[in-house]
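The values are calculated or read from the model by the stated rules, or taken from the named source; none is laboratory data. Just so it is clear, the structure is predicted and the values come from calculations on it, not from any experiment. Note: ideal-geometry Cβ built from the backbone for every residue, glycine included; neighbour counts use all protein chains shown.
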Amino acid sequence: MRILIAPDSFKGSLSSQQAAAAMSRAVHRCLPEWEVEIFPLADGGEGTISVIRQLVGGQKKKVTVLDPLLRKRSAWWLKKGRTAYLELAQASGLPLLKPAERNPLETTTFGVGEMIRDALTSGCEEIFLGVGGSATSDGGLGALTALGVKFIDGTGKKIWPGKGKDLDRIRRIDMSALPEKLKRIKFVVLTDVRNVLTGPEGAAAVYAPQKGASPAQVKKLDEGLKHYSAMVKQATGISIERLSGAGAAGGIAGGLYAFLGAKLVSGVETILKLGHFEEKLRQADLVLTGEGSLDVQVKYGKALSAVFQLAEKHNVPVIVLAGSVSPEAYRLFQKKKVSLFSIAPGPVAMEAALEKAGEFLYRQAQEVLKVYLFGTKSTGLARV
């Protein structure tokens, strides 16, 4: 028997790599004769480049950048040949800030631009940027400023470094200092967020509250992004306000699309292709996956959705272990070859669930796999 272990992260407790390790230990413990293939999932958010490095290798490149509040910090990106894999969360991620520091009017993506600049200096001709987990809503204003784009205010002064609160101050955009090399490279943004830039489904309305914004601040940011999109169209001729995915990471996806010609693609699908996931799945008798919370949102582009679709295509059964499973999720997969299980041993406080997630996952994986193996033996089938 061959099992493919491919979990997403259990947010707040386990990274996808930690979850995969716990599942792998469980398989080796109770079913040592099984062959195990490990493929941790990522979608462009925090931990994405660690997963990519595990899947494809590459050289770790360290760089000093400014964090969302302009403090120096050490970040890293991955170089594989002339391709760079970057992660916004390394420079502008929400986990870099204490709860009291979170305010998307005051945060910037300037450090992301510094990472991009470092990749250019290192000779990269192709850049992949995962944009999940941002602390920002600046439309990429900070990152583009770091790369040489000049955003000019009403007094003729250059806006620096470019924060969420500065979006409505822009009166002119000067792209003359944008490096020619940057215009020629292939730039890809990894995101599984399809939000537009402004409005009820936009970057500010949907995500700014999670980054510390009050209702009044959400309104200001949304108005700022609307003004920003108008100025971007005036400077580039490109409309980003209603572009699907432009609202990802506080609008940086839209900004990079307009100024750098970035292609917006699914993070998880890109990573599945990088690691040849489908080929590995075809050779598997079972897929073991999981995440922190499984609900009806899984059908709207979450990482596990891609796994389910490919498993169904190749008729491979799936076992899902999650911190919590909603009744809607159970109903959604009622007639599929997908079995859902919560890892909680019973009613448990959230704090304890997060603290003991690794232990709970390890134990439940063993129990579920024993039952699965008994079922396959009793029916004489490898896939049930």
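Could you say whether any residue in segment 219-229 is assigned by TED's automatic domain parsing to the domain that holds Gly132, aromatic (Phe, Trp, Tyr) and surrounded by fewer than 23 Cβ atoms within 10 Å (Cβ to Cβ)? Let's see the steps before the verdict.
Pass one, segment 219-229, residues assigned by TED's automatic domain parsing to the domain that holds Gly132: 219-229.
Subset that is aromatic (Phe, Trp, Tyr): 228.
Still in the list and also surrounded by fewer than 23 Cβ atoms within 10 Å (Cβ to Cβ): none.
Checked segment 219-229: no residue is assigned by TED's automatic domain parsing to the domain that holds Gly132, aromatic (Phe, Trp, Tyr) and surrounded by fewer than 23 Cβ atoms within 10 Å (Cβ to Cβ).
Anything in segment 39-68 that is buried (at least 19 other Cβ atoms within 10 Å of the Cβ) and aliphatic (A, V, I, L, M)? List them, or say none.
Matches in segment 39-68: Leu41, Ala42, Ile49, Val51, Ile52, Val63, Val65, Leu66.
How many of the residues in segment 36-66 are of a type outside the set (A, V, I, L, M, F, W, C) and part of a helix (DSSP H, G or I)? Before the answer, list the steps.
Of the residues in segment 36-66, the ones of a type outside the set (A, V, I, L, M, F, W, C) are 37, 40, 43-48, 50, 53-54, 57-62, 64.
Those left that are additionally part of a helix (DSSP H, G or I): 48, 50, 53-54.
Summing the residues that are of a type outside the set (A, V, I, L, M, F, W, C) and part of a helix (DSSP H, G or I) in segment 36-66 gives 4.
Please verify whether segment 93-110 includes one or more residues that are under 24 Å from Gly148 (Cβ atoms) and either in contact with a His (Cβ under 7 Å, 6 or more places away or on another chain) or assigned to a helix (DSSP H, G or I) (or both).
Taking every residue of segment 93-110 in turn, at least one turns out to be under 24 Å from Gly148 (Cβ atoms) and either in contact with a His (Cβ under 7 Å, 6 or more places away or on another chain) or assigned to a helix (DSSP H, G or I) (or both).
Restrict the check to segment 170-193 and report whether at least one residue is touching a Lys or Arg at 6+ places or on another chain (Cβ under 8 Å), closer than 14 Å to Gly245 by Cα, not aromatic (Phe, Trp, Tyr) and not in a strand (DSSP E or B).
Within segment 170-193, one or more residues are touching a Lys or Arg at 6+ places or on another chain (Cβ under 8 Å), closer than 14 Å to Gly245 by Cα, not aromatic (Phe, Trp, Tyr) and not in a strand (DSSP E or B).
Report, by residue number, each residue of segment 308-324 that is part of a strand (DSSP E or B) and either crowded, with 21+ Cβ neighbours inside 10 Å or modelled with pLDDT of 90 or more (or both).
Those that are part of a strand (DSSP E or B) and either crowded, with 21+ Cβ neighbours inside 10 Å or modelled with pLDDT of 90 or more (or both): Val318, Ile319, Val320, Leu321, Ala322, Gly323.
Quick one: what pairs do we get from segment 133-145, first residue on the phi > 0 side of the Ramachandran plot, second acidic (Asp, Glu), C-beta under 8 Å, 6+ apart or different chains?
That search, which allows pairs on different chains as well, returns Gly133/Glu46.
Take segment 111-137 and flag every residue that is over 10 Å from Leu88 (Cα atoms), assigned to a helix (DSSP H, G or I) and of a type outside the set (Val, Ile, Thr).
Correct list: Glu114, Arg117, Asp118, Ala119, Leu120.
Would you mind telling me which numbered condition in (1) hydrophobic (A, V, I, L, M, F, W, C); (2) at positive phi; (3) under 17 Å from the mean Cα position of the chain (by Cα) Leu70 fails?
Of (1) hydrophobic (A, V, I, L, M, F, W, C); (2) at positive phi; (3) under 17 Å from the mean Cα position of the chain (by Cα), only one is false for Leu70: (3).
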